[in-house]
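A short worksheet on the structure shown next.
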Amino acid sequence: MKLLEDKILECGELREGGILKVDSFLNHQIDISLMQEIGKELASLFAGKGINKILTIEASGIGIACIAAQYFDNAPVVFAKKTESLNLSGDVYSTDIHSYTKNKDYTARIDKKYLTKGDKVLIIDDFLANGEAAMGLMRLVSMAGAETAGVGICIEKAFQKGGDMIRSKGTELHSLAIVDVKDDGTISFLQK
Ligand code: 5GP
């Protein structure tokens, strides 16, 4: 998606460890017009899939998913929680996920009420690196007897294994920008 690629080139900062910092429009301050275009693009890529629910994980996925949901007939957005809370009933689906940016494991939980058999779920997240978060969300979907209709990602990093892993499972994955790093350390984009 050209608009997103241009924004990454304009504002993204490549950091040590292959971390792309996009705080000015995605992870801290959020560019709403851009998110609306991202939502429209995802809706067109996943049209006709019968998606009735959007699933993401706190925190950065929530804003993107909520704006995108408006282009999926206001499908409800469910986000997996990363911390235990008295607000959460004990009746949850849970799975352990390794965090790439924090380099530690956490447990993702969803109240069983909000993910059920028959749901056709689109998983949305800001980044795809090693695929731990997306695969974890897919595990939660299958625990519920629901179906992952697809995975929609804003920024995939081609130099990490998540994208190839998810595509090789036969899951429909669309990443709106696939970032690679050239030998001189600058950003390039791939199409897959
Ligand atoms: P994965 O689970 O695919 O290894 O990593 C994806 C998750 O880690 C995303 O939910 C995202 O929050 C975070 N992440 C991974 N790589 C980056 C990155 O380069 N920049 C930012 N801002 N977040 C990242």
Checklist entry - Of the residues that sit in the stretch 110-129 and are touching a Ser or Thr at 6+ places or on another chain (Cβ under 7 Å) and within 16 Å of the ligand (Cβ to nearest atom), which one is farthest from Lys40 (Cα to Cα)? => result Leu128
Checklist outcome for this item: Of the residues in the stretch 64-87, those that are over 14 Å from Gly152 (Cα atoms) and outside any strand (DSSP E or B) come to Gln70, Asp73, Asn74, Ala75, Pro76, Lys82, Thr83, Glu84, Ser85, Leu86, Asn87
Checklist entry - Among Gly61, Gly39, which is assigned to a helix (DSSP H, G or I), within 14 Å of the chain's Cα centre (by Cα) and within 16 Å of the ligand (Cβ to nearest atom)? => result Gly61
Next on the checklist: Can you say whether Thr101 is surrounded by fewer than 16 Cβ atoms within 10 Å (Cβ to Cβ), β-branched (Val, Ile, Thr), outside any loop (DSSP other than H, G, I, E, B) and within 15 Å of the ligand (Cβ to nearest atom), as far as the supplied structure shows?
Outcome noted: no
Checklist entry - Of the residues Gly12, Gly90, Gly17, Gly50, which is loosely packed, with under 14 Cβ neighbours inside 10 Å, over 16 Å from the mean Cα position of the chain (by Cα) and touching a residue at least 60 places away in the same chain (Cβ under 8 Å)? => result Gly50
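Against the condition assigned to a helix (DSSP H, G or I), closer than 17 Å to Ile62 by Cα, aliphatic (A, V, I, L, M) and in contact (Cβ under 8 Å) with a residue 24 or more places away in the chain, how does Met165 come out, does it pass? It would help to see each step written out before you state the result.
Numbers: assigned to a helix (DSSP H, G or I): yes; closer than 17 Å to Ile62 by Cα: no; aliphatic (A, V, I, L, M): yes; in contact (Cβ under 8 Å) with a residue 24 or more places away in the chain: yes.
In short, no.
Bear in mind these aren't lab numbers, they're just calculated from the coordinates by the rules spelled out. Predicted model only: the values in this text are computed from it and were never measured. All Cβ positions, glycine included, derive from the backbone under ideal geometry; neighbour counts span all protein chains shown.
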